[in-house]
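Any read-out appearing in this document is the output of simple, stated calculations on the displayed coordinates, not a laboratory observation. Quick caveat: nothing in here was measured; it's all calculated off a predicted structure. A quick note on method: Cβ atoms are made from the backbone with ideal geometry, for glycine too, and the neighbour counts reach across all protein chains shown.
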């Protein structure tokens, strides 16, 4: 997921709250959409994605490596794409918010 370790654009020097203090939205989600595969999986398994979307929205990135979590923090502060990863009913689901914050998509990695 890492976008580039060599950020060549100006960067915001602000800091996000530590993960244990992230209890409010950090960025706009835009239009919320899900792929047909995720939609079917959630319906078939009776999973409400709302808690996972809220975690993503608040900067709790789920099951991503520490370097990707750090990249997501940088991306929130600098208007880049953010990606979270969660287990939902035995399947990995990614939640991706686009850099322009126009949309947030729930999809399975195989649908990327």
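Here are the numbers for the structure shown:
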read-out	value
Residue in segment 105-112 that is farther than 18 Å from residue 20 by Cα, in contact with a helix residue (DSSP H, G or I) (Cβ under 9 Å, 6 or more places away or on another chain) and part of a helix (DSSP H, G or I) present	yes
Complete set of residues in segment 57-95 that are farther than 17 Å from residue 15 by Cα and out of contact with any helix residue (DSSP H, G or I) (no Cβ under 9 Å at 6 or more places or on another chain)	63, 65, 87
